[in-house]
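Notes for the one structure printed next.
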Amino acid sequence: MTVEVTPQTFTFVSFDSAYILRIAQRLIGIFGLEDQNIRIDINETTPLGKMHVEFGDPIVINIQSGAFEDFSRPRQQSEPATTQSLGRILLKVSDRLSPEFADAPADEDLTLMQVAIWETYCVGRLSRHDIEINRQRWLYNFRNRHGFNDASDRAFEKIWNSDKLTWDQLQSISDTAVALAQ
Amino acid sequence: MADSKKPRAPFAPWDRRELPGLFSVEESARRVGAYKWCELKLFEALGGWIATVPELDVKMRLGAHCYKHAWHAELWHKRLPELREMNPDRLTVAPNEHMVRFIEALTEPEAPELTIEKLVGVYRVFIPHFISAYTFHLNNTSDITDAPTMRSLRFVLQDEFEDWRDGEMLIQSLIETPSEVDRATNHQASLEKILLAAGGITGSGTIGFNTPEHEGALI
Amino acid sequence: MRKFLPVEDLARDERFNQITMNDRMADQRTAITTDSRPSRAANRIVPSRADASDAARGLMHGIFVGEIQALEGAGRTCWDFTTGSEAPFELKLDMARQCWDEARHVEISCKLSDWMGSEIGEYAENTVLFQAACSNDPVLRLAGVNRALEGLAIDVFTTMKEFGEVAGDQYLEFAEDWMLADEVTHVKMGSDWLRKITENDPERRKKALDFQSVVDKLFSYGGTRSESQESPIGLARRFRELAGFDDQEIDVIADLSLAALEERKAAVLEAQAALN
Ligand SMILES: [Fe+2]
Ligand SMILES: [Fe+2]
């Protein structure tokens, strides 16, 4: 199966598509996505860092350039940022392809809280694949969505440390945290 | 209830303050003017150095200390008219040319690699001299006539001790090799030699040695 | 130590990477959308934004380096001018006080960055703030730094305080409110000294106010701050009033900021048209 990165050369940013491809291939191997055709489209006209997936053949991952950028050196590529962003989105792809996530709403229907639980679930798993993750950054994001309280922190902890959750379980951890805080 | 008409001594038995003091009004004003000049020079230097030190913790400390010395300068500035000097600028002067030279030497280091020299000048030389000058003044002035100066001196000394400790700890944390020990001590020695010639913060007699007798002093 | 330190000589450890306004302008990408749909037009940093946490972290780092430069700028004003002949003693006392305040702001920013999961040097440091502190006239410096730069700080802290309030983040809200109190004082220092020193020198006052508007425009570059929801940072009218700005002055900044936003949008459209 194939993996492709577009564009091949960049105008607005100094990114290296071959480098991105190598990182993607490594992660695809780790997450067992080798049997999928995947295309990674990078939108270099915006410094924002949004990512979006269109399922089809190939699976198309749209990524805005900020997701791979070294913010201390604008327009330069960051290896950790590239790995983390690709890792997060590829784990999400892998979740979406599994029956345990069949009930997950479509991306455009996900609430900000649902986005936060899924992101936490992804980065928690990534951190156990020897990929450097700033845990506090994701805790802060989780708190912004679930509140700055103990129940929220316990939910974060639980999701962060889990490897095999279904969408329903994720949702229920989130619901419990919200109910406890009220 | 005590008898409200009963005479009481003006000084309670535990109040042992005494009238005599080493400094006349003029000498007190001269000293206070020198304090102000030195504190002014110090806070200016600390302010200037902030942008030149790369160490974040040092940068922030210098910012906090810059204000404290500015406040000391302000206290002395306000004290001068109370000591009959209606034009505070007249007495806001260096005690002698050696002190001017000392400030020049103190503020010479600029490069980002010279944080040790900057800190040594302030915390191992200048501030210890402030502490001794202020302590001498506090211990020798009239407990009664010069109480306002003493009150300021106590506040200021409290700051000086705290800042000295902050600075000394920063210096110890920055010195990592024997050659850096040498750098620190060499710089300290060269500055001390200039201060030796100056005689201290207020010139000759800053801490009582070689003190000329001041007209009007009551000892 | 020299008088007047050039911006390139600001001392930093290896974590920091400094960029200039030119570097920033060379980036042809833009976060400001030219899409006219209302849902896309909201760039204001608020918790309801999808990328709220990261946007807040980025802004917080900007505040952090801004505080360092404000600290350095106030310190340099203590050093660069001769007391009495070039800058009044009392003005220097105010600048020393500002040093202490800005040093605390750096400390607060470091704690908040930890809280939000950012690292020192994670984002580039734009040195444009210190550049405004490089004028060789202390009055211009106060106009550029205390009135324009610190005025922007009021806008930024108000935006961040509201962010904390809405998100239920008391740690952030508490800290921003304290910094806001200090910044209002700093702007007031600028306004008071400008008035006092140029009382009998209308030409110097005009020069200072002109310089302030140049700096205001520079900080409004790209429409980063304006009353439009399209700008990431709002214009804090109430706190600006407390700091001594009158209605007319605030209106001028509001218009100028909005013009900068429109200018940037037009430039983006032009760049995109050239591409297609
Ligand atoms: Fe500040
Ligand atoms: Fe400020």
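Laid out as a table, the results:
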item: Charge tally in the Cβ shell below 12 Å around A:Val53, where Lys, Arg are +1 and Asp, Glu are -1, A:Val53 excluded; result: 0
item: Buried accessible area, chains C and B (both chains, 1.4 Å probe, Å² to nearest 100); result: 2400 Å²
item: Two-decimal ratio, the protein assembly as shown, of alpha-carbon radius of gyration to 2.2 N^0.38 Å; result: 1.17
item: Accessible area in square angstrom per residue, the range A:56-122, 1.4 angstrom probe; result: 36 Å²
item: Chain C, accessible surface, carbon-and-sulfur percent (1.4 angstrom probe); result: 53 percent
item: Under 23 Å from C:Lys207, Cα to Cα: lysines that are on another chain or at least 8 residues apart; result: C:Lys3, C:Lys92, C:Lys188, C:Lys196, C:Lys217
item: Solvent-accessible heavy-atom area per residue, rounded to whole Å², over the range C:45-275 at 1.4 Å; result: 37 Å²
item: Per-selection Rg to Rh, the range C:1-142 - Cα, Kirkwood hydrodynamic radius; result: 1.05
item: Positive minus negative residues near C:Gly58 (Lys, Arg vs Asp, Glu; Cβ under 10 Å); result: -2
item: The protein assembly as shown, dipole about Cα centre (Lys/Arg Cβ +1, Asp/Glu Cβ -1), debye to the nearest 20; result: 1240 debye
item: Relative contact order, percent, the range C:45-275 [alpha-carbon distance under 8 Å, six or more residues apart]; result: 19 percent
item: Net charge contributed by nearby residues that have their C-beta within less than 14 Å of C:Leu256 (K/R +1, D/E -1); result: -4
item: Label-point separation, C:Phe174 to B:Ala147 (7 Å along Cα→Cβ), nm; result: 4.1 nm
item: Carbon plus sulfur fraction of accessible area for the range A:3-90, probe 1.4 Å, in percent; result: 46 percent
item: Cα-based Rg and Dmax for the range C:45-275, where Dmax is the largest Cα-Cα distance (Å); result: 17.6, 57
item: Accessible area that becomes buried as A packs against C, both chains, 1.4 Å probe, Å², nearest 100; result: 2500 Å²
item: Once the Cα gyration tensor of the range C:88-191 is diagonalised, semi-axes √(5λ) in Å; result: 26, 15, 12
item: Estimated 222 nm signal from helices in chain A, with DSSP H stretches of n ≥ 4 weighted -39500 (n - 2.57), rounded to 500; result: -15500 deg cm²/dmol
item: Residue-level accessible surface for C:Cys110, protein heavy atoms, 1.4 Å, Å²; result: 30 Å²
item: Antiparallel DSSP beta bridges within the range A:38-134, as percent of all bridges there, nearest 5; result: 45 percent
item: Distance between modelled label sites at A:Gln182 and C:Asp247, nm, 7 Å Cα→Cβ extension; result: 4.4 nm
item: Choice from C:Pro232, C:Pro88, C:Pro138 with maximal GNM fluctuation in chain C (Cα, 10 Å cutoff); result: C:Pro88
item: With every protein chain in place, chain B: carbon and sulfur % of accessible area (1.4 Å); result: 56 percent
item: Computed [θ] at 222 nm, deg cm²/dmol, chain C (DSSP H ≥ 4; -39,500 (n - 2.57); rounded to nearest 500); result: -20500 deg cm²/dmol
item: Mean shadow area of chain B over all directions, Cα convex hull, nm²; result: 15.7 nm²
item: Radius of gyration and maximum dimension Dmax of chain A, Cα, Å; result: 16.5, 51
item: Within a Gaussian network of chain A (alpha carbon springs, distance under 10 Å), most fluctuating of A:Gln171, A:Gln136, A:Gln64; result: A:Gln136
item: Under 21 Å from the Cα of C:Lys111 - lysines, other chains or at least 8 residues apart; result: B:Lys59, C:Lys161
item: Eligible lysines near A:Lys92 by straight Cα distance, threshold 21 Å, same-chain separation 8 or greater; result: A:Lys50, A:Lys158, A:Lys164
item: The range B:116-219 shape via C-alpha gyration tensor axes, a/c threshold 1.5; result: oblate
item: Highest-MSF residue in chain C out of C:Gln212, C:Gln248, C:Gln69 [GNM, Cα springs under 10 Å]; result: C:Gln248
item: Share, in percent, of DSSP beta bridges within the protein assembly as shown that are antiparallel, nearest 5; result: 30 percent
item: Efficiency of FRET from Cβ geometry, B:Glu162 and B:Glu18, R₀ 30 Å, rounded to 0.05; result: 0.50
item: Shielded residues, the range B:45-76 - accessible-area loss of 40 Å² or more between chain alone and all protein chains, probe 1.4 Å; result: B:Gly48, B:Ile50, B:Ala51, B:Pro54, B:Leu56, B:Lys59, B:Met60, B:Tyr67
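The values are calculated or read from the model by the stated rules, or taken from the named source; none is laboratory data. Computed from a predicted model, the values in this text were never measured in an experiment. Cβ: placed from backbone, ideal geometry, glycine included. Neighbour counts: every protein chain shown. Heads up: the accessible areas ignore ligands, DNA and RNA and are worked out on the full protein's heavy atoms, side chains in. Shrake-Rupley method; radii C 1.70, N 1.55, O 1.52, S 1.80 Å.
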